[in-house]
Amino acid sequence: MIRNRILAGRLLSATVNQSSSRHAPTTVQCSNKLFHAAPLTKSPATASTDWKDWFPPGPLNSCPWDKNPKTAWLQPLKDPAVDYPTRHAIQLLQDFYRGGGARASVFNVITTTRCNMHLQQMLEMQKSSRKDAPAILHRANALVQTMQLFDESLLQRAAAMERGEQVSRPQYLLPHPDAKTYQYLLRLYADTPSMTREVPDAALEIVRHLQSLFDATRDSSLQPKAAHYNCVLSAWLHCKDWQKAAHAAQVFLQDMTNDTRDASSFVLFFKLCTMQDKQLDVTKKELGGLVALEVWQQVVAFDDHVPLKSHAYVHFLQAIRHLSLDHKMRAAYFHACFQRAVTHGKVNTYLINELIVHCKSPRVFENFLGQYKYQTLGMKPAVAAQAYWKLIPDAWKCNADFEPIR
């Protein structure tokens, strides 16, 4: 318990100087180091100069790529190596980059839109096969990191325009990543399970890279928004690191601002603080409750306009329920959370269930539901929660959310 409080205290001290460095101009390096670090089994640049060689013998070897995209994407995933369609796209990107815009034929046209279609297909594949999510993410990274070869030209043009120089349009549209590219990639990160912090840390680096591109180009479409940061929080949610709540809180408090937090941000953050892994002991789960308390105190407690859905209140109570019963803040924040939900009309049956089952404070229970307790005697908690919800004033529940909690 003392160790957890020390970790939470370090988290608080790490947020003091958060604003001064976030908005400082950032120099973007275009060395494409991520691509060279990708564990490809064989480099597309050295394997062959003919795109047909990337396909196995069969129908795909005798027709242009664009005529049969569905068949190519239905190949089974046998290992994390980059598949043939992605290798073909990478080869076209590299050939285009080395050739300075020269294209051999109409079938070799590679554009940002086409690459984004690859990523969209990968999202569909991930939804249908969660166990292959790491392999699919590997493919997406290889593709996007190759597209980043063209960031250098984008940044040079932006710098020239800032100096007031006349910049001519390129002969071809360069296939550099755009806002949609990074959104697709981050959505792949968001749903990829991981045992360590590597996946969420990599997702955060992508958002920071996006911020650096915005700082350099002032292109509003590249400015990170709540949806981008929510993907990072979702990646932490699917991570098995028992200290993930503390790491995610650093993102929530240091990298994110009021402009990049929305209602879903609070749902995701408090949900990852609930520490639902049954293999964790009580001490480790307590860290999630301490971190949730810290963020509530810093962001929610003194701002009545913070957008909270009903499920954000529920997940907050699920997080602090792991605090020991003698913790001096436990009952106080059960009361503060439920009172805020009442004020904003966000009380739903899940929130009532948390109060009647896990609060363990007779004073807090009596304050809100004591007058209705004799009408629910003998009922199981789930049934009692439904009964209480029908009995409470309409003003308490007029804005409540009722979608199932997952």
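Considering segment 308-406, the qualifying helices (runs of 4 or more DSSP H), each wholly inside and each with 1 or more residues that are open to solvent by less than 30 Å² (accessible area, probe 1.4 Å), touching a Phe, Trp or Tyr at 6+ places or on another chain (Cβ under 6 Å) and free of Cβ contacts under 8 Å to residues at least 24 places away in the same chain, run over 362-369. Annotation note: of 196, 192, the sole residue that is part of a loop (DSSP other than H, G, I, E, B) and in contact with a strand residue (DSSP E or B) (Cβ under 8 Å, 6 or more places away or on another chain) is 196. Taken together, the residues in segment 238-293 that are open to solvent by less than 10 Å² (accessible area, probe 1.4 Å), among the β-branched types (Val, Ile, Thr) and part of a helix (DSSP H, G or I) amount to 2. Within segment 107-138, restricting attention to residues that are small (Gly, Ala, Ser) and out of contact with any Ser or Thr (no Cβ under 7 Å at 6 or more places or on another chain), the residue that is surrounded by the most Cβ atoms within 10 Å (Cβ to Cβ) is 135.
The values are calculated or read from the model by the stated rules, or taken from the named source; none is laboratory data. Everything quoted here is computed from the prediction, not taken from an experiment. We place every Cβ from the backbone using ideal geometry, glycine too, and count neighbours over all the protein chains shown. Heads up: the accessible areas ignore ligands, DNA and RNA and are worked out on the full protein's heavy atoms, side chains in. Shrake-Rupley method; radii C 1.70, N 1.55, O 1.52, S 1.80 Å.
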